[in-house]
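Remarks on the structure that follows.
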Amino acid sequence: MKRVRALIPILGDQLSFDLAALADADPAHDRLLMMEVAEEATYVRHHKRKIAFLFAAMRHHAEALRAAGWQVDYVTLDDPENSGGFTGEVARAIERHAPERIIVTEPGEWRVAGAIDQWETLFGLPVDVRADTRFLCDHTEFDAWAEGRKALRMEFFYREMRRKTGLLMAGDQPEGGQWNFDQENRKPAERDLTMPRPSSFAPDAITQEVLALVERRFADHPGRLAGFDFAVTRADALKQRAHFLKHALPRFGDYQDAMLTGEPFLWHSILSPYINAGLLDPLDLCQAVEAEYRAGRVPLNSAEGFIRQIIGWREYVRGIYWREGPDYPRRNFLGAARPLPGWYWTGETEMRCLAEAIGQTLDHAYAHHIQRLMITGNFALLIGADPHQVHLWYLEVYADAYEWVEAPNTVGMSQFADGGLLGSKPYAASGAYINRMSDYCRHCRYDVKARTGADACPFNALYWDFLARNADKLARNQRLAMPYRNWAKMDPATQSAIRAQAKAFLDSLDASSTNG
């Protein structure tokens, strides 16, 4: 047996040639290890498309690494010797190669980090865990920024990232004289025959083999594989990037919050799965977006809005996740305990907004940020759903969801379960917001303007009931001062009718959950 110098595990969201673990590696003397393990595919019931995307992308990346001269051990899920977990596969690789040490790029999740922390003791080998340099802000830098602040608001962190990268800067000032053009990014959309469509990639033989495997092994997982057309190589991810820059980015800023029936993508990039898996470099992408603005091909509100999501929000939620610790997804400031309705896994509800957002989620493992925050997340918040169960649902159903990025978005921003650490107020809204930003209400059997009655939009009574039942924790929030004043102005009979309407609806949810 030829002993290798280092065993280098490559995780499923590390599909990049620019990993810290590879920085000084030697293809002639080191061995890479890639693993499809049941433990990772089943710790939650991941969407079938999510599993298929990652396994197919991993297999293609392994081929790309080999073509570049690396020696790669690749363990498929259906390998009869597969142990089912990262630690077991590292142990088997050590038996095969007797490495002198292990080098690994830090994982994205506390759960995996805990396993890696045991390897040195388990295997009696030095384990070099290296910082993930694909991010702009490491843990130490984020902690230094956060230290001593009363509120960890993304806007101020984002400004630091703009200064650090130089993106959209005019000297030491922001391009256009302001940091944030969010107010210009909230236009409702109308159906447009020129609306772009994302690029579609036909599955090759490798991907078809993965699709068959996923259908066979994960038949009870949510989602549908029919029409699978994800990019599963860096080359194809770059094609989708180019398509977005040319066709969708120019109007992305105006319509990034808009929603339309039967239109899951609108002007969004559909790049988050590729960024989070490592196929695309986030800073390089932001530099390309800036170049489109500098060339006069896209307006500033589009370029700034997209860059803010990447170097601002994405980096910020990662910092929050690692700073707050592994118990963060279990926080429950509002004491919410109701189970999610079973139709979150089927989309079978008469509320058109939820049917649309959940239906496209099951079809594509995708929904854009406003559908997640203001439709599925808003509804879960208003009914008082258990935030940990909500967290697990989001982690299951979206192809771009890893706990580091998903938990702060869900537990913090969407469900306010961290008590305001991340968001300055709960993102609760009645049907009026949904009606303003979408055409869903036009196609719904419920009346978006009614608070009570058999045909009243459930969001309306639920919104006021949410404020009333959580007044002890929320009434002093300055950003909720106006809705609480409006609630106080209502006469007692109106308040009672609204709360009775909400109770009847919540009772029906509880009954269906019990019967289900």
Over region 224-288, relative contact order from alpha-carbon pairs under 8 Å, at least 6 apart, %: 38 percent
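Per the Kirkwood treatment, what hydrodynamic radius in Å, one decimal, follows for region 364-516 from the mean inverse distance over all distinct Cα pairs? Display every interim value, and only then the final one.
Working: mean 1/r = 0.0611 Å⁻¹.
Across region 364-516, the inverse of the average 1/r is 16.4 Å.
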Built amide H within the under 5 Å cut-off of ASP128, gap 5+: ILE102, ILE103, VAL104
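Go through 219-229, 436-446, 144-154 and give me the packing order, highest mean Cβ count within 10 Å leading.
Numbers: 219-229: 15.3, 436-446: 18.5, 144-154: 12.3.
Per-residue mean Cβ counts within 10 Å order the peptides as 436-446, 219-229, 144-154.
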Three-way shape label, region 121-174, alpha-carbon gyration tensor, a/c 1.5: oblate
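Percent of accessible area on region 147-272 owned by carbon and sulfur, 1.4 Å probe? Please report the intermediate quantities before stating the final value.
Details: 3200 of 6370 Å².
That share works out to 50 percent.
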Number of Lys pairs (Cα under 24 Å; 8 or more positions apart or on different chains) in the chain: 16
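Inverting the mean 1/r over all pairs of different Cα atoms, compute the Kirkwood radius of region 215-351 and quote it in Å.
Working: mean 1/r = 0.0555 Å⁻¹.
It works out to 18.0 Å.
I need to check one value: relative contact order of the chain, counting alpha carbon pairs closer than 8 Å and at least 6 residues apart, in percent.
Working: 798 pairs, mean separation 81.0, N = 516.
The value is 16 percent.
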Amide H contacts of MET169 (H built 1.01 Å from N, under 5 Å, at least 5 apart or other chain): GLU175
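In Å², what does the accessible area per residue of the chain work out to with a 1.4 Å probe?
Numbers: 21050 Å² over 516 residues.
Counting only protein heavy atoms, the per-residue value for the chain is 41 Å².
Ignoring everything except DSSP H segments at least 4 long, calculate the 222 nm mean residue ellipticity for the chain; use -39,500 (n - 2.57) per segment, divide by total residues, nearest 500.
Values: 23 runs with 227 residues, N = 516.
Rounded to the nearest 500, the figure is -13000 deg cm²/dmol.
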Kyte-Doolittle at least -1.0, axis length at least 20 Å by Cα - qualifying DSSP helices, the chain: 48-67, 492-515
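The values are calculated or read from the model by the stated rules, or taken from the named source; none is laboratory data. Remember, predicted model here, so these are calculated numbers, not experimental data. With ideal geometry, Cβ positions are generated from the backbone for all residues, glycine too; neighbour counts draw on all protein chains shown. Calculation scope for accessible area: heavy atoms of the full protein, side chains included, ligands and nucleic acids excluded. Shrake-Rupley method; radii C 1.70, N 1.55, O 1.52, S 1.80 Å.
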